[in-house]
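Here's the structure we're looking at; comments come further down.
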Amino acid sequence: MFDTVNGLPAHPLFIHIVVVLLPLSAIGMIALVVIPQFRGKVQKYFVASGVLISLVGAFIAKESGAALQQSRGVTDEHHDWGNRTFYLAIALTLISALWLWLDTKPKSMVRTVTGSLVVLISLAAVISTVLAGDSGATQVWEDSASSSTISMTADPEKSHSTVDPEVTSEPAETSEPAITAAAVAGHNSANDCWAIVNGSIYDLTQWISAHPGGSGPIESICGVNATAAFTNKHGGQGAPEARLASFKIGILG
C-alpha cells in the first residue's frame, strides 16, 4: 500500500513530513509548556495540528520504510531509529493532548508533571528524528557512492587506455580457483561466510555488517548455495549483482 507513489519509492517522499514537521511540532509543544505567553488559542491549534499530522506522517513513513526494506533493504540502524521515532510520535500526541486538556483546568501538580513529560518526550522525538534521518541519509550516500564506484570501474568507455587497432593480441587467460561445495560449507559463520551463487563462490564476511537489509539475510546463506535466494531477491538488479561480483573468490568445482 505504501510501496510506491506514481512509480517512485514512497518512503523518501513521506519522510519529509516527519523530518520537518515532527521536530517543529515538538519544539512548539515545549514552547507552550514553558512560555505561558505563547499559549494563545491559535498557537495551540497550529501546534496540536502539527503533532497530529506528524503522527500520521510517522506512520506512513514507517509502513513505506517496511515496504522499502522488503524490496531494496535498509540498515538495521535506520530501521530501529525509524520505529523509535514512530513510537515517540505516538507518545507525544497522547501526552500533548492530555496537557492541552489540563491547561484548560486550574493549575495543578498533575498538569506540571504532564508538562515535564511533554518536554522530555518532545526532546526525545527531536533527537530520534535527527538520528533516523542521519542513518537514512548515510545509507543513501554510501549506496550512491558504491554504485558510482562500481559503474566507473566496470564501464569500459571510461578507460583512458588506448589500443592500436592494427595490433591484435590473444585475450589474456584468467584462472579462478575451483572450490568445492564441501569447502564452502565449512565457512558457515558470521565471522567466516562463504556462499555459492550461480556457480561462483563469494566471501561475504565483510558484507554482513554493511548489508543494507541487515546482517540476517547474509548470515542465513553462509556455507550454502544461495542462488535461489539471491535471484528471488535481486535477480536482474544491476547494483546488487555488481556488488556481489566484488566479493568473488572462485568458481564451484
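Just so you know, all these numbers are worked out from the coordinates, no wet-lab data involved. Quick caveat: nothing in here was measured; it's all calculated off a predicted structure.
Here is the link list: K44/K107; K41/K62; K62/K248. Which ones come out longer than 29 Å on Cα distance?
K41/K62; K62/K248
Could you give the length gained on full extension between T138 and A239, defined as 0.36 nm per residue of separation minus the Cα-Cα distance, in nm?
Length gained between T138 and A239: 34.6 nm.
Give, in nm to one decimal, the length gained when the segment between A97 and A190 is fully stretched (0.36 nm per residue of separation minus the Cα-Cα distance).
Once the chain is fully extended between A97 and A190, it gains 28.8 nm.
Is the range 178-252 rounded, prolate or oblate when judged by the Cα gyration tensor, a ≥ b ≥ c being the square roots of its eigenvalues, rounded requiring a/c under 1.5 and prolate requiring a/b larger than b/c?
oblate
Search the structure for amide H atoms under 5 Å from the amide H of I249, placed 1.01 Å from N in the peptide plane, and list their residues when 5 or more places away or on another chain.
Under 5 Å from the amide H of I249 lie the amide H atoms of I201, Y202, D203, each far enough along the sequence or on another chain.
How large is ³J(HN,Hα), in whole Hz, for each residue of the range 18-30 in order, when computed from phi with the Karplus curve 6.51 cos²θ - 1.76 cosθ + 1.60 and θ = phi - 60°, using x for Gly and Pro?
6, 4, 8, 7, 5, x, 5, 5, 5, 5, x, 5, 4
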